[in-house]
Amino acid sequence: MSQKIQSLSGYYHEYQKSIHQPEQFWSRIAQGFHWKKPWDNVLSWDFEGPEIKWFENAKLNITENIFERYLFTHGDKTAIIWEPNEPNEAERRISYSELYEMTCQFSNALESQGIQKGDRVIIYMPMIPEAAVAMLACARVGAVHSVVFAGFSSTALADRIKDCKAKMVLTADGNFRGTKNIPVKAVVDEALAQTQTVEKVIVYQRTQTAVEMKSGRDLWWHEVIANEPKANTAATLDAEDLLFILYTSGSTGKPKGVVHTTAGYMVYTHYSFTNVFQYSQGDVYWCTADVGWITGHSYIVYGPLLAGATTVMFEGVPTYPDPGRFWAIVDKYQVNQFYTAPTAIRALQAYGLEPLAPYSLDSLKVIGSVGEPINEEAWHWYHDHIGKGKCPLVDTWWQTETGGIMISPLAGITPNKPAHASLPLPGIQPLIVDAEGNELKGNNVEGNLCIKFPWPSMLRTTYGDHKRCKETYFSTYPGMYFTGDGAKRDHDGYLRILGRVDDVINVSGHRMGTAEVENAINEHPKVVESAVVGFPHNIKGQGIYAYVICDLEGRTEEGLIKEIKETVRKIIGPIATPDEMQIVPGLPKTRSGKIMRRILRKVASKELSNMGDTSTLLNPEVVDQIIKGAGLAP
Ligand code: WTA
C-alpha cells in the first residue's frame, strides 16, 4: 500500500486531488485497509448539526488492521520497544505476534469480566506496554476506551468516570516516574469512593506496591488473563462506532469528552503518520508523549502500529537519572524518528550541551515537535544540536479534536521554516478568518484558524452533550470548524500558529482551561473569587498566574497560598498548580461584572505599557493595587 508522498510536486499534486475530489482521494487511501464490509458512501456531512460520517456502513475492526493484516508478513517484527524508568532494568521488545496474543488474551479477559461492545472502560495506567494492550483490547471487543493521564487527581478521574458512566477501570499498582513511585491504585480507590458505575477494576502489577484489593471488585491482571486463550475473532464494528473518548480542557470549567470513531480515525492516523514522518519499514520511531494525551493515542499507539512500525515507549521522565536520558535512549535503540514537545526541548536546552556530549544521535533522520508553538530559539537548538542540521524538523500542528496532524511539513518533502507548521496535509482545508468570519485570502494575513471541510479523523461529538460540540466548534463561524487558535499566513504562504485565542492556556504542552483552574481554586473555603491567566514562561511556554480574593483571617498569606495550591493539585493534579499566586483586594471588572482579563494578563507578563483604558471599569483603583501587589511600579 503506497500512500507515501515522495516529492514536493507529488505533495502539490496529491493536495489538489484531495481538495477537488475529496471522496475519491480518501476512498483510494482507504482501499488499502482490511474491511469486513466496504462502505456505501465515503462521506456525508453537515457542519450545522454537526453530523459527519465517513465510510458509511463499512464494517471493520481497527485491530485487524494492526494484526491480521500483517501477521503473515511481519509477525516477528518488533512492534513495541519499551524502555523502563530505571536505565539498568531490562527493556522489553514485543513483536507483532506477541502483541497480537497479548491483545487477544486481554480482550478475552475483558469479555469474561462482563465487558460488551459499547461499554466505557477507563484506562489509568503508567507508560507500560500493557497500557497499549488495554487500548487495543478494548478496540478489539468494541468497548470504548477513555485513557486518563495518570497524573490527574482522584477528583479529576472521578469526574471523567461519572461523565462517561464507565463500567470498568484498568490500572496498575504504582507508576515509576523518575525518583517517584506514584500509588495509582490508591488514586483509583479514592475516585471510586465518589462514583457508582464501575463494577470491576483490573490491576497490573508493575511496582509491587502494596495495594488494597476490594473483594468482588478488584482483580489482578495476571490472574484474569491466566486461563484466557491467546487468539480470538475481532468484533465487527461499524465505521462510525465509537473508538474512544478523550477528555480535554476548554473555555468552560468542565473538561469535555472528545469522541473519535473507528474508520476515519484509522485511515487518517495511518496516513498522517506515514507521510509526516516518512516512516520506512525497519525504522525505529519514538514519540515521547504520554498515552494519556491524544499524541500518545495517535502517534505512539494507533498510527505507528497501523503502519507496522516499531514504536518506542518510555516509562520515565527526560531528566532521570540525568538530562541526557532522551539522547541515551536514541542511541540505545538507534531511533530514526524522534517526536517530542517544545517544553521538553526548552527544559533540556537549559542544561547546555554537556549532557549531549556522550551521544552520537547519528541514527536520527527526522525530528518532530508538537503541543504548543515552538519558539525560534528552541527550534534552532533542536534543529542544530539534536538534528545536527541534517534532519528535517516537523512542527506538527493539531489538536485532541482533530485526531491527527493537520498542518506540518512532510519530512524532507515540503519545506521547513523555523517556528512554522507551514502547509496543510492533503485533505485538510484550513483558512484564516477575521473576527466576523470573513476569509482572509492571500499572504501576509493574520486571524483565527478554521477548517472548512471535514477530514476523516475529526471529532464527531462531545460525549453526552452534542450541543456543547456545536457551540464550541461550529457556532463561532457558522459552516466552519473553529480551532480556537490564531494563525498567520506569511509572505511565502506558510502557516504559523500563534497560540490560543480563547480561555485555554497551554502549560508545558498540556491544555488547561482557565475556568477549570479557577473552579479548583474556589473550592478552598477561604477563597472568595479568583481569576486565572497565562503568562509567558521560559520552559513551560505558558505558566499559570492566579489572582485570588480571599479571607486571610487566621492565616498568613504564604500559608494560605500553599493551601490553595494544594487544593488545585488535589482537584486537578500537579500539572495545574499555579506558578504564581497573588492575593488581591479585588479583580478589575467591567460594569457588567465581567473580569477584564486583558489587564490581568499584562500584569502577569510584567508588561505595563498599553494598559488600555481602565476608566470604564467598575473599580479602576484596584488596578494600581494589583500592580503594586505584583511588585511592579505603576
Ligand atoms: C497547541 C495536542 C503551535 C494549539 C496535539 C492547539 C500547537 C493545542 C502545536 C491542542 C504546534 C499543538 N504549534 N501550537 N505545532 N501543536 N498546539 O488538544 O494551541 O493537547 O489548539 O493536542 O495545542 O492541544 P491538544
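Determine which member of the set Trp26, Trp54, Trp35, Trp39 is crowded, with 19+ Cβ neighbours inside 10 Å and in a loop (DSSP other than H, G, I, E, B).
Exactly one residue qualifies, and that residue is Trp39.
Listed here are the residues, each with its yes/no results for (1) under 19 Å from Gly509 (Cβ atoms); (2) buried (at least 24 other Cβ atoms within 10 Å of the Cβ); (3) outside the structural domain of Ala58 (by TED's automatic domain parsing); (4) touching a Leu at 6+ places or on another chain (Cβ under 6 Å).
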| residue | (1), (2), (3), (4) |
| --- | --- |
| His270 | no, yes, no, yes |
| Phe277 | yes, yes, no, no |
| Thr288 | yes, no, no, no |
| Leu305 | no, yes, no, no |
| Gly308 | no, no, no, no |
| Phe314 | yes, no, no, no |
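Run down Thr476, Thr472 and say which single residue is under 30 Å from Trp26 (Cβ atoms), assigned to a helix (DSSP H, G or I) and of a type in the set (Val, Ile, Thr).
The conditions single out Thr472.
Where the second residue is assigned to a helix (DSSP H, G or I) and among the hydroxyl-bearing types (Ser, Thr, Tyr) and the first is under 24 Å from Pro304 (Cβ atoms) and lies in the stretch 1-28, which pairs have Cβ atoms under 6 Å and are six or more apart or on separate chains?
Pairs found: Gln3/Tyr271; Gln3/Thr274; Lys4/Thr274; Ile5/Tyr11; Phe25/Ser18.
In the set Asn108, Asn85, which member is open to solvent by 10 Å² or more (accessible area, probe 1.4 Å), closer than 29 Å to Phe176 by Cβ and either in the same structural domain as Ile29 (by TED's automatic domain parsing) or not in a loop (DSSP other than H, G, I, E, B) (or both)?
Matching residue, one of Asn108, Asn85: Asn108.
Any residue that is away from the ligand (no atom under 16 Å from the Cβ), of a type in the set (Ser, Thr, Tyr), assigned to a loop (DSSP other than H, G, I, E, B) and in contact (Cβ under 8 Å) with a residue 60 or more places away in the chain - is there at least one of those in the stretch 402-409?
no
Is there a residue being more than 19 Å from the chain's Cα centre (by Cα), more than 16 Å from the ligand (Cβ to nearest atom) and of a type in the set (A, V, I, L, M, F, W, C) anywhere in the stretch 257-267?
Scanning the stretch 257-267 turns up at least one residue that is more than 19 Å from the chain's Cα centre (by Cα), more than 16 Å from the ligand (Cβ to nearest atom) and of a type in the set (A, V, I, L, M, F, W, C).
Within the stretch 481-521, take every residue that is within 28 Å of Val317 (Cβ to Cβ) and more than 16 Å from the chain's Cα centre (by Cα) and give me the one that is farthest from the ligand (Cβ to nearest atom).
For the stretch 481-521, the residue satisfying everything is Ile521.
For the structure I just gave you, tell me whether Trp286 is more than 13 Å from the ligand (Cβ to nearest atom), of a type in the set (Phe, Trp, Tyr) and under 16 Å from the mean Cα position of the chain (by Cα).
Details: more than 13 Å from the ligand (Cβ to nearest atom): yes; of a type in the set (Phe, Trp, Tyr): yes; under 16 Å from the mean Cα position of the chain (by Cα): yes.
The answer is yes for Trp286.
For Thr295, indicate whether it is within 16 Å of the ligand (Cβ to nearest atom), in a helix (DSSP H, G or I) and either in contact with a strand residue (DSSP E or B) (Cβ under 6 Å, 6 or more places away or on another chain) or without any contact (Cβ under 8 Å) to a residue 12 or more places away in the chain (or both).
Working: within 16 Å of the ligand (Cβ to nearest atom): yes; in a helix (DSSP H, G or I): yes; either in contact with a strand residue (DSSP E or B) (Cβ under 6 Å, 6 or more places away or on another chain) or without any contact (Cβ under 8 Å) to a residue 12 or more places away in the chain (or both): yes.
Yes: the conditions hold for Thr295.
The values are calculated or read from the model by the stated rules, or taken from the named source; none is laboratory data. Keep in mind that this is a model prediction, so the values were computed, not measured. Cβ sites come from the backbone with ideal geometry, for glycine too, and all protein chains shown count toward neighbours. Surface areas here come from the heavy atoms of the whole protein model, side chains and all, with no ligands, DNA or RNA. Shrake-Rupley method; radii C 1.70, N 1.55, O 1.52, S 1.80 Å.
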